[in-house]
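Written out below as structure tokens is the structure these notes cover.
Derivation of every value follows stated rules applied to the coordinates shown; laboratory data play no part. Since this is a predicted model, take the numbers as computed values, not measurements. Note that each Cβ is placed from the backbone with ideal geometry, even for glycine, and that neighbours are counted across all protein chains shown.
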Amino acid sequence: MLTISQITEELIVKEPFTVDLLAQGVVNHSALARRLRPKIEAILYKQVQLGAIIMALKRFKKTLRSGIVNKLPFTNPDMLVRSNLMELTLTTKSLNRVEQLSRLHAIANEKNLFFAITQGVVETTIITSCDLKERLLKVIETNAIVSQYQELSAITIKLNKETVTTPGAYYFILKILAWRDINIIEIVSTYTEVTIIFADRDVERAFSVLKRGLRT
């Protein structure tokens, strides 16, 4: 049988920003408990005392790691901005011209152009420079294209290898952007790099808030 504490935690973890504020000790427990009570009562099919929810919030707060920014394995990371990018998403089953794509990848490397392929079960996404658009469209079947975006830019953030084993590292980066209502088109990552794709109109503001948010 579910307890008030279990339900309270399940509801709170669905609200990442509330979790952050709770961990920092700036949330009014009574106000939050009053907001949660109708949902908890609906789940338990009975009335719940406000004090029980407040106690559950206080117990949950103790399990949270406050001040995550001070525990991150990176501060003031190097960031690189690329522009003039495009993204194509197509059905994976249509991707049967591997040699041509490999040739395009080689050309991109030779000209120092961005080129990334992420292959999923159903869809495959290709992100590259608009300079390769015509050649890319010759390789891909038009009716296989699921979506197409242009006027994109990318911010690549260089991270430490410890990031891989640090819970919440990527979340902290993405949270900074979410707080400022900056939309992300795509994310591509490697072992020590994460590249975030934005619409051109958003990249300048994204770079600014990331630079401020990730500095010491």
Region 4-66: relative contact order from alpha carbon pairs under 8 Å, six or more residues apart, as a whole percent, is 49 percent
Taking r as the C-beta separation of Glu134 and Trp179 and R0 as 25 Å, the FRET efficiency to the nearest 0.05 is 0.05
Of Val26, Val81, Val139, the most mobile residue in a GNM of the chain (C-alpha springs, cutoff 10 Å) is Val26
Length gained if Phe17 through Val164 is fully extended, taking 0.36 nm per residue and subtracting the Cα-Cα distance, is 50.7 nm
Quick note on Ser153, Ser189, ordering by fewest other C-beta atoms within 10 Å, gives Ser189, Ser153
By Cβ neighbour count within 10 Å, fewest first, Ile53, Ile12 rank Ile12, Ile53
In debye to the nearest 20, the charge dipole size for region 4-66, taken about the Cα centre with +1 at each Lys and Arg Cβ and -1 at each Asp and Glu Cβ, equals 160 debye
With Cα springs under 10 Å, the Gaussian network model of the chain assigns the largest mean-square fluctuation among Gln148, Gln119, Gln49 to Gln49
Length-normalised contact order of the chain, Cα under 8 Å, at least 6 apart, in percent, tallies to 21 percent
The alpha-carbon pair-distance distribution computed for region 4-66, with 10 angstrom bins and whole-percent values, is 23, 60, 16, 1
Length gained if Val81 through Lys39 is fully extended, taking 0.36 nm per residue and subtracting the Cα-Cα distance, is 10.7 nm
Subtracting the Cα-Cα distance of Thr3 and Asn28 from 0.36 nm times their residue separation yields 6.8 nm
Ranked on Cβ counts within 10 Å of their own Cβ, fewest leading, Glu193, Glu204 go Glu204, Glu193
Too long for a 24 Å Cα-Cα cut-off, among Lys14/Lys58; Lys39/Lys61; Lys111/Lys133; Lys61/Lys158; Lys14/Lys161, are Lys61/Lys158; Lys14/Lys161
Going residue by residue through region 11-22, the Karplus relation 6.51 cos²θ - 1.76 cosθ + 1.60 with θ = phi - 60° gives ³J(HN,Hα) values, rounded to whole Hz and with x marking Gly or Pro, of 5, 5, 5, 7, 10, x, 5, 5, 4, 4, 5, 5
Out of Ile182, Ile126, Ile107, a Gaussian network model of the chain with alpha-carbon springs under 10 Å gives the largest mean-square fluctuation to Ile107
Between Asp200 and Leu50, the FRET efficiency computed from the C-beta separation at R0 = 45 Å comes out, to the nearest 0.05, as 0.35
